[in-house]
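Enquirer: Sharing a structure here in structure tokens format.
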Amino acid sequence: MTFTISSHSRQFTALLFVLCLLLAKPVGAQSSKNQGVVEIDDLSRYSQVLAISDVHGTYPKLLKLLRGAKVVDTQNAWSAGKTLLIVCGDSIDKGSQSLEVLQLWMQLTAKAPASGGHVVVLLGNHEAEFLKDPNNKKTAVFQTELGEAKITSEELEGGTDSKGIGNFLRAMPVAARAGKFLFCHAGWYPAETSWSEFVAKSKRLLLAGKYEDAFLTGPHSILEEKEETPEGSPKAVKWYNDPASVQGLEARMAALNLYGVVFGHQPHAFGFQEKIGGVDHLHILKIDTGMDPHGDDSAGEILRFPHPLDLLKMAQPESERLLPNGSHASVEILQTPTAER
């Protein structure tokens, strides 16, 4: 039996194809569906785990870091093979090339899986605050950049820009768990919150676009936390300067059967200025190195865990700092006064 395709069928097929093209997302765009929290337990598939934070629109510095670490080649294409790269937020604002940074993350997120790699780009307080109010005062430099690209802040916030950047922003999770390590922007896991509650609430709020919720952008949230006021203290102090607050965070991690937390947000935390540093046998790792051009204006660093399976253990993992010139350096580790191990 022979089948023939009528001219009407061919016309319909062609029309359907064109319609699919028109409705398709731009290349590199992510779905706006948000997982809330990314959980990664199979670390055996990766050759290394890298983390970076607080790039703040400093695109040339970022490229130098990524090339030095052999994450990208001279054409900015993924060259890190089976690497897990986690970005702990604040990719935008302050620097003048936030769009380039976001588009690079989009490209690497799309291309890394072909080589067995994985890129996870998390929310920082700057991304969450933009999605809460795209015209807030922190976005002044970003607004100029958007104007030059002929993108309105409302288009970006709503995920309707033609480049798909807004959808990429709206798909950013609040945190990632790789084995027994939590990666997040401010490092402050909420008290009296089980892991299942944290995951469920993160997903529910982000899917609903409730960036104004205190859980995400309140002053003591996992994206915003800077100060705690210990009982009896006359004024607020940075949480990392209060040993009781540090010990409390470590206790909350242990209660979740997690070894540690990797965070950005605070470039001078624990006295580590312009470099990555850890405390208490790496139960807490600070990776914001102050790349902000209006702040420390540092060249930046990348945290590296050379043995991903280390992150599955309740023990101090091997770690190192990757510098812009391609060299490696050790991670300095301090002990907080009240930490008992």
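The values are calculated or read from the model by the stated rules, or taken from the named source; none is laboratory data. Here the structure is a predicted model, which is why all the values come from computation and not from measurement. Neighbour counts are summed over all protein chains in view; Cβ atoms, including those assigned to glycine, are modelled from backbone coordinates with ideal geometry. Accessible surface areas use protein heavy atoms only, side chains included; no ligands, DNA or RNA. Shrake-Rupley method; radii C 1.70, N 1.55, O 1.52, S 1.80 Å.
Enquirer: Just the residues that are surrounded by 14 or more Cβ atoms within 10 Å (Cβ to Cβ), in contact with a Ser or Thr (Cβ under 8 Å, 6 or more places away or on another chain) and either among the hydrophobic types (A, V, I, L, M, F, W, C) or over 23 Å from Trp239 (Cβ atoms) (or both), please, taken from segment 192-215.
Expert: Residue satisfying the conditions is Phe215 alone.
Enquirer: Still on this structure: In the list Leu282, Leu303, which residue meets the criterion of being outside any strand (DSSP E or B) and either crowded, with 23+ Cβ neighbours inside 10 Å or at pLDDT 95 or above (or both)?
Expert: Leu282
Enquirer: Still on this structure, please answer the following. Just checking, how many residues over segment 306-326 are polar (S, T, N, Q) and either within 17 Å of Thr58 (Cβ to Cβ) or assigned to a strand (DSSP E or B) (or both)?
Expert: 1
Enquirer: Scan segment 232-240 and give yes if some residue there is touching a Gly at 6+ places or on another chain (Cβ under 7 Å), surrounded by 15 or more Cβ atoms within 10 Å (Cβ to Cβ) and not acidic (Asp, Glu), otherwise no.
Expert: No, every residue in segment 232-240 fails to be touching a Gly at 6+ places or on another chain (Cβ under 7 Å), surrounded by 15 or more Cβ atoms within 10 Å (Cβ to Cβ) and not acidic (Asp, Glu).
Enquirer: Please determine whether any residue of segment 53-73 is open to solvent by less than 60 Å² (accessible area, probe 1.4 Å) and closer than 17 Å to Gly166 by Cβ.
Expert: Yes: segment 53-73 contains one or more residues that are open to solvent by less than 60 Å² (accessible area, probe 1.4 Å) and closer than 17 Å to Gly166 by Cβ.
Enquirer: For segment 311-340, name all the residues that are free of Cβ contacts under 8 Å to residues at least 60 places away in the same chain, open to solvent by 30 Å² or more (accessible area, probe 1.4 Å) and closer than 21 Å to Arg177 by Cβ.
Expert: Within segment 311-340, Ala315, Gln316, Glu318 qualify.
Enquirer: Mind listing whichever residues of segment 137-170 are in contact (Cβ under 8 Å) with a residue 12 or more places away in the chain, open to solvent by 10 Å² or more (accessible area, probe 1.4 Å) and closer than 20 Å to Leu207 by Cβ?
Expert: Hits for segment 137-170 are Glu157, Gly159, Asn167, Arg170.
Enquirer: Take Val120 and decide whether it is open to solvent by less than 10 Å² (accessible area, probe 1.4 Å), in contact with a Leu (Cβ under 6 Å, 6 or more places away or on another chain) and hydrophobic (A, V, I, L, M, F, W, C).
Expert: no
Enquirer: Specify which of the listed residues (Ser32, Ser98, Ser53) is touching a Gly at 6+ places or on another chain (Cβ under 7 Å), hydroxyl-bearing (Ser, Thr, Tyr), under 22 Å from Leu122 (Cβ atoms) and modelled with pLDDT under 95.
Expert: Ser32
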